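Nothing in this text is a laboratory measurement; each read-out follows from the coordinates by a stated rule. Since the model is a prediction, treat every value here as computed from it, not as a measurement. Here the Cβ is made from the backbone with ideal geometry for all residues, glycine too, and neighbour counts use every protein chain on show.
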Ligand code: HEM
């Protein structure tokens, strides 16, 4: 009878009955599907008595509210996502068997842009690298290209990553952001000089996500049908161009809209102005690796003289319908690779192959890859089973492989490529560090006004560093480019002659 009434209510609430509703409304229910009788007044013991535990609607509503948050990402917490499509523009079957690059293919994508250090809901104006992570839902499984707007990274070995993030994040004692802690760390990391230059330049404060490039940063491997390997770097080039905020514009924009990057992306897609990026790739052979005066598998380096070829285009054409289910629950991971694309031996990337999937098992759970935003368009067919929140209804009793009853054949084309190895295990830093040259090249590539902004930003930040850190870091910048180092030293109120003398002691 009650159920019958509920259905009736859904049908009979019409404009004449409830004047503010234009269409028939569906009845309010609890999570068990049962209709709710009163959602405005808790059940109490008489007019003056306590609230009753038996009001299951009240209890469930509070319980669900109490659990609304999942752990925020340990980095890249503040993000914005959008859907789109990737279309290849060149036949690169000589380089890779990756199905998404086959001419005529169209691959749905989901992109999540982000800032890095600051928490969810932090102002998007805050200086940071920006994440540019793309999930390609290919016909051979999901491939995630988890990149940044900067083409290089601060460190080259994953073992330094937790310390670096701790040094960037607010103090564990005061919860205040404190650049002197950051510089205390980075005075020991000369390989960070190029990426710190990016960060303290106006590239650290983009106008919006549409107006920035993306970079895979690491070298990856393309593998072709013959099993031949090429090392490649990926780059997204914004067809909207590059636009950054100047230091004067930042507080103005922040005062008007501290979500300015999200606002711009969402509004432009809603207006039908769909942002586009071309995907470029740089390619070298394994034999080329030793021909550089730096290590091309070092994530603190770009490949300056290697030509780029355009291999496709991405357009973002749909905003998310549900921010939490799509943008918050998406799990981007460098370990999500597909046949034809493999990680290189880059030591930073090797650590990332473990870290993302690991944090995601904690953040969204063991079965997080079954969520609609994460599951592939292909069928998942293996013996992985059970675990918390499992929604994969399997009916087979063969949860092992090999099996004659239910064979799950392996795909020969998906075997990992092979590489020759010699030597012993070791814990030794890389050869050919070349910590400063590319930082100087980057500085000299900036316009005069961008150089001035960089010097003011860097010098202003460095002024608050401890004495030793101030001089060490200024000497790194001086080594990169004397004009740059001297300019920053002056703003930071450091003795330029001392900085110069320290720079002369540094190896190239
Ligand atoms: C060893 C070095 C690194 C480690 C251990 C690391 C670790 C992490 C972790 C744990 C997350 C959170 C993932 C999640 O909760 O879903 C994350 C997010 C992210 N990282 Fe890294 N990271 C490293 C280096 C890098 C580099 C070099 C890049 C750029 C090429 C990068 C780009 C990103 C992006 C874009 C996200 C956000 C992904 C999203 O939007 O969901 N990270 N990183």
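Annotations for the structure displayed:
- A simple packing score, the average count of other Cβ atoms within 10 Å per residue, orders the peptides 83-94, 302-313 as 83-94, 302-313, with the highest score first.
- Segment residue 180-residue 506, length gained on full extension (0.36 nm per residue, minus Cα span): 115.1 nm
- Each peptide among 240-251, 261-272, 102-113, 396-407 gets the average number of other Cβ atoms lying within 10 Å of its residues, and from highest to lowest they stand as 102-113, 261-272, 240-251, 396-407.
- What the Cβ-Cβ distance of residue 120 and residue 263 gives, at R0 = 25 Å and to the nearest 0.05, is a FRET efficiency of 0.95.
- Modelled FRET efficiency - R0 45 Å, residue 102 with residue 396, Cβ distances, 0.05 increments: 0.90
- Per-peptide average of other Cβ atoms within 10 Å, ordering 180-186, 231-237 highest first: 231-237, 180-186
- Computed on the chain, with alpha-carbon pairs under 8 angstrom and 6+ residues apart, the relative contact order is 16 percent.
- Inter-label distance, nm, simple model (7 Å from Cα along the C-beta direction), residue 380/residue 463: 5.3
- With the convex hull of the Cα atoms taken as the outline of the chain, the averaged projected area works out to 33.3 nm².
- Structural descriptor for the range 333-473: relative contact order 16 percent, calculated from alpha carbon pairs under 8 angstrom and at least 6 residues apart.
- Residues in the range 447-491 that a label on residue 173 would reach, taking backbone N under 16 Å of a point 7 Å out along Cα→Cβ: 465-467
- You can think of it this way: the chain between residue 59 and residue 403 has 119.0 nm of extra reach, that is 0.36 nm per residue less the Cα-Cα gap.
- Placing a pseudo-label 7 Å from each Cα along the Cα-to-Cβ vector at residue 452 and residue 28 gives an inter-label distance of 6.0 nm.
- Using the Cβ-Cβ distance between residue 163 and residue 445 with R0 set to 25 Å, the FRET efficiency works out to roughly 0.25.
- Full-extension gain in nm, residue 306 to residue 493, via 0.36 nm per residue minus C-alpha separation: 63.4 nm
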